[in-house]
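Below is one structure, written out as structure tokens; comments come after it.
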Amino acid sequence: MSDSMDEYIEPFRDYLEINENMAILSIEKYVSCVRKFLLECGTKFSVNQMNTYIKTKAKQDRYAIKKFLLSRGMKRVAEKLTNPKKKNRKKEYNYIKKEKVQDIINFLQGKYKYMSLLQYKTGCRVQEILTLRIEYFDFDKDEDFIYINIGSGKSLSKGTKKRYLMLHKKYEPIVLKLMGKRTWGYLFLNEEAESLNNKELVKHVENQRRFYGKALHKAGRYFGIDQFSSHYLRHLFADEFYKRSPDITYLQEILGHAKIDTTLSYISITHEKAKDVMRLMEGS
């Protein structure tokens, strides 16, 4: 079965990379979804089998299977896919004062402390922080900020569109300390990561992500914040940025969102903020 499955999986992987220009992490997740589907339903599946399988799965499984069908020229079959059962997994991210966030960051040990600091100050995704490379940093582009070219090379994160993140130069000593005498390579992953193929690298990054997540969760609990996570840091960055500048389109660019609706879900407008705006509207 594995040999025959490779005949389906490998062309699908090539299709995602060449035709869809997807990031490495997304490719491997889609491939994993399709592999599980083929193991359960076989390579000669019916439309009923396909839809029965999808009913209990997440949206990503549906998207993966649809891409798989399209990669094989089965557009009419792809159109017969049903929507999976909706799962309400949306978390509420409450705004935390900067002092408490800094307390949580300082509680962390080793590389996790610096990973969380850079993520909080740039708004990057967890995959992006884990796979930051020394080559991405430009210290000479601006007097006040370090530019980080997230789009350099093939990213493990969502999307492959080139974009720059900015980090204030007050953090330059920290970045230089992390780099040491190195001029290239991953900032946080060990040297062994350089020799891994795409599939192995994705697995390695996912393992590191779990360790990082556990460290953040423990630190958050210590300061009374439940479910503190790397994504929480990203939301806090977005919230702070928006409170100082209501330029939602620029925030969208920084966060790397394809849709403005996604960016809107990251920000919160408090009741007091709404009242301030209403007062300004009435000229009082």
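The values are calculated or read from the model by the stated rules, or taken from the named source; none is laboratory data. Nothing here was measured: the structure is a model prediction, and the numbers come from that model. Virtual Cβ from ideal backbone geometry, glycine too; neighbours counted across all protein chains shown.
Here are some notes:
- Residue match in the stretch 2-22 (condition: touching a helix residue (DSSP H, G or I) at 6+ places or on another chain (Cβ under 7 Å), among the β-branched types (Val, Ile, Thr) and over 22 Å from Leu201 (Cα atoms)): no
- Any chance Gly224 is crowded, with 17+ Cβ neighbours inside 10 Å and out of contact with any Asp or Glu (no Cβ under 6 Å at 6 or more places or on another chain): no
- Residues in the stretch 186-242 that are touching a Gly at 6+ places or on another chain (Cβ under 8 Å), not polar (S, T, N, Q) and not in a helix (DSSP H, G or I): Asp226, Phe228.
- Matching residues in the stretch 191-212 - criterion: being without any contact (Cβ under 8 Å) to a residue 12 or more places away in the chain and within 14 Å of the chain's Cα centre (by Cα): Glu206, Arg210
- Candidates Leu118, Leu81: the one that is at pLDDT 90 or above and either part of a strand (DSSP E or B) or surrounded by 14 or more Cβ atoms within 10 Å (Cβ to Cβ) (or both) is Leu118.
- Condition check for Ile254 on (1) out of contact with any strand residue (DSSP E or B) (no Cβ under 8 Å at 6 or more places or on another chain); (2) not in a loop (DSSP other than H, G, I, E, B): one failure, at (1).
- Scanning the stretch 116-139 for residues that are farther than 12 Å from Tyr186 by Cβ and among the aliphatic types (A, V, I, L, M) returns Leu117, Leu118, Val126.
- Residue within the stretch 26-33 that is within 25 Å of Asn207 (Cβ to Cβ), at pLDDT below 90 and not in a helix (DSSP H, G or I) present: no
- Matching residues in the stretch 35-74 - criterion: being β-branched (Val, Ile, Thr), in a helix (DSSP H, G or I) and either surrounded by fewer than 16 Cβ atoms within 10 Å (Cβ to Cβ) or under 23 Å from the mean Cα position of the chain (by Cα) (or both): Val47, Thr52, Ile65
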